[in-house]
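The values are calculated or read from the model by the stated rules, or taken from the named source; none is laboratory data. Model, not experiment: these values are computed from the prediction. For neighbour counting, all protein chains shown are included, and Cβ atoms are generated from backbone atoms with ideal geometry for every residue, glycine included.
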Amino acid sequence: MELCTAAQAKAMDEYTINILGVPSIKLMERASEHLAQESLKIMGSGKSAAIFCGHGNNGGDGIGAALRLINAGKNVSVFLVGDPLKLSRDTGQMARRLQKLGVPLELLPDSDDDIISRLAGCSVIVDAIYGFGFHLPLSGAAQRTCRLINLSNIPVVAADMPSGVETDTGFADEYAVRAHVTVTFSKAKIGQFIAPGTLFCGDVKVCDIGVSSPPQSEVPPSVETVEVSRLFPLRPRNAHKGMFGKCLIIAGSVGYTGAPSFASRAAVKSGAGLVFLGVPESIYTIEAIKNDEAMPFPLPCDGDGIISPAATDIVLERLAKCDACLIGPGLGISDGAEKVVSAVIESSTVPLVIDADGITAVSRNIDILEKAKCPVILTPHDGEFARLGGDLSAKDRLTAARDFSMEHKSVLVLKGYHTIVATPDGRAFVNTTGNPGMAKGGSGDVLSGIMLSLLGQKLPVDEAVVKSVYIHGLAGDICSEKLGECSMTPSDIIDAIKDVTR
C-alpha cells in the first residue's frame, strides 16, 4: 500500500477540486459520512457523542459527522477548538447546517472540569481538530483538549490524522490524541505507519471520497507498506541443494555462541541449500554441536576468542564460492575483526549482509562502503544507526534512513517498531508485522539469517530484504499467538518459519 505525504494529499485535493471540478463541499460530505459510520459502529447502543473540531477543513469533516449522528438519533455535543472568525468556507457552511438543526457549535469551556463533565456518558469522541497539515508542537487550547480526550478513556475516532501526529514523519506530540480508529481519506499517510505516530492511530481505515491523483511527469520515490504475496521462491520438482544458494556466515566469539547458531538455523529453515558457518576456533566445538544442518568450520582467533586477521584468506576463499554472505552476529569488537570485515566488504561480489558487531566495525571506517563491489545491506537498530552516522536528531526515522541509504549506496534496514527498509534509489518500505515479544537477544540474528537465505536463493536484493523483514515479523506474530509475547524465544521464531511457508 502506497503512503502519501501531506503535500501529496493536498495536491490530490486541489487537482480533484480545481481541475476535475468536484465541489470541495462534496468531498467534505463524503469524508463526514465515513467518520459518522465508524463512530456509529463504536457507539453501538450508546446515545451520546462529543466532537472536537478545528476551524480548518478537518473541523468541517467533524461537523459533517455530527450532522449524520444527529440524524441517526444521537445526542451530539460539538466543540470548536479554534477561532470562530477563521472558519474555512466549507467548515462555515457545515456550521450553518448544524445551527439549522438547533445544535450549536460551542466554544470550548474554560474549565477542564466542565469539559470532563460534558464527556460523561459519551460513547465516542471524534477528533477533528487537526488534519494532515499539522506541525508540532501542540499548544494552547488544542494541547489542553487533546490531553483531556486522552484522560477520558473514551474511544476516539480521528479524522484523517490524530491531532498531534505529523503526517510526514510520524513524530507525535506528548499530548497527541490516542485514537481507537483513524479514518483517513483517499490514501494512507506516512505518519500512520511510522513510529511513534503509528502507536497513536489505532486501526487505520482508508476511505475513498472520490479524490484523484494528478498526472505526474516525474513520480517521486515511493513509500510503501510491505505487502507480500508469495513469501518464498517456488522449488522445482527436480531441485537439488545447489539450486537454493550457498550461504556463508562469519560470526561468533567467546561468550557469543548463540548469535551464529540463530543466524545459521534461520537460514536453513528459510530454504537455503547450503550454509557454511565460519566461527573462531575457540568456539568451533560448541557450534559444531549446536548445528547439525549448517556446516561450521574453524577460523583463527586471538587470545580473547575473537576472529583474527589470519582468518582473512580462509574467509575470502570460501566467499568466492558462495552466493551470499552474512558477517557480524556475535563477532566481537577488535581491530582484527574490523580488518576481516573490511576485507570482506572490499572483496565480495555477492550480496553482503552486515549485522551487529559487523556494523560496529563499519562505523569505525564508514568510507569502506565506497569500496564495495557488491550490494551491501546494513541492519542497525537506532543505537547502531547513530554509530554509523545516521541522524535521528529530527525524530524523523524515515528521512534519516533514506538519506543514509542514498548517501552510502547501501540498503538500510532500520530495525524497530515498524522497521523501515530504505534503498539507494530513494524508495522506502515500512513493515507492519512483528510484536514486542520479539524484543529479545537473538531476534535480530534470526532476521539476518532469513535475509541471507533469500539472497542466496537469488531473489532480487530489494525483494529479498523486504520479504525477510516481513517473514521475520510474521513468524514472530505466529509465536505470539501460540506462546504469548513474554514466553516466545528466538528459537520459537525460527520454528515458526515453517508456518509462514504454508
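Side notes on the structure shown:
- Single residue of the range 159-188 satisfying the filter (closer than 21 Å to Leu40 by Cβ and of a type in the set (Ser, Thr, Tyr)) that is surrounded by the fewest Cβ atoms within 10 Å (Cβ to Cβ): Thr184
- The selection criterion, being among the β-branched types (Val, Ile, Thr) and free of Cβ contacts under 8 Å to residues at least 60 places away in the same chain, holds for Val204.
- Flag not set for Lys241, criterion: surrounded by fewer than 24 Cβ atoms within 10 Å (Cβ to Cβ), basic (Lys, Arg), in contact (Cβ under 8 Å) with a residue 60 or more places away in the chain and on the phi < 0 side of the Ramachandran plot.
- In the set (1) farther than 25 Å from Asn150 by Cβ; (2) buried (at least 17 other Cβ atoms within 10 Å of the Cβ), Gly64 fails one condition alone, (1).
- Residue in the range 96-117 that is surrounded by fewer than 19 Cβ atoms within 10 Å (Cβ to Cβ), over 21 Å from Asn58 (Cα atoms) and among the aliphatic types (A, V, I, L, M) present: yes
- Restricted to the range 379-403, and to residues there that are in contact with a helix residue (DSSP H, G or I) (Cβ under 7 Å, 6 or more places away or on another chain) and over 18 Å from Ala356 (Cα atoms), the residue that is surrounded by the fewest Cβ atoms within 10 Å (Cβ to Cβ) is Asp391.
- Across the range 480-502, the qualifying residues are those that are closer than 15 Å to Gly449 by Cα and charged (D, E, K, R), and the one among them that is surrounded by the most Cβ atoms within 10 Å (Cβ to Cβ) is Asp492.
- Here Glu38 does not qualify as touching a Pro at 6+ places or on another chain (Cβ under 9 Å) and of a type in the set (D, E, K, R).
- Listed by first and then second residue, the pairs with beta-carbon distance under 6 Å, at least 6 apart or on different chains, first residue in the range 269-298 and within 22 Å of Asp313 (Cα to Cα), second small (Gly, Ala, Ser) and at pLDDT below 95, form an empty list.
- Residues that are within 29 Å of the chain's Cα centre (by Cα) and in a helix (DSSP H, G or I) within the range 134-146 comprise Ala142, Gln143, Thr145, Cys146, listed in sequence order.
- The condition of being at pLDDT 95 or above, surrounded by fewer than 22 Cβ atoms within 10 Å (Cβ to Cβ) and touching a strand residue (DSSP E or B) at 6+ places or on another chain (Cβ under 7 Å) holds for only one of Val461, Val421, that being Val461.
- Qualifying residue in the range 48-57 (condition: in a helix (DSSP H, G or I), within 19 Å of Pro162 (Cβ to Cβ) and out of contact with any His (no Cβ under 7 Å at 6 or more places or on another chain)): yes
- Among the helices (runs of 4 or more DSSP H) confined to the range 277-378, there are none with at least 3 residues that are at pLDDT below 95 and out of contact with any helix residue (DSSP H, G or I) (no Cβ under 6 Å at 6 or more places or on another chain).
- Among the residues of the range 449-458, just one is surrounded by fewer than 24 Cβ atoms within 10 Å (Cβ to Cβ) and either hydrophobic (A, V, I, L, M, F, W, C) or under 22 Å from Lys409 (Cα atoms) (or both), namely Lys458.
- The range 196-240, subset of a type in the set (Lys, Arg) and in a loop (DSSP other than H, G, I, E, B), residue modelled with the highest pLDDT: Arg237
- Hits in the range 8-24 (condition: surrounded by fewer than 18 Cβ atoms within 10 Å (Cβ to Cβ), of a type in the set (A, V, I, L, M), in a helix (DSSP H, G or I) and touching a residue at least 12 places away in the same chain (Cβ under 8 Å)): Ala11, Ile19
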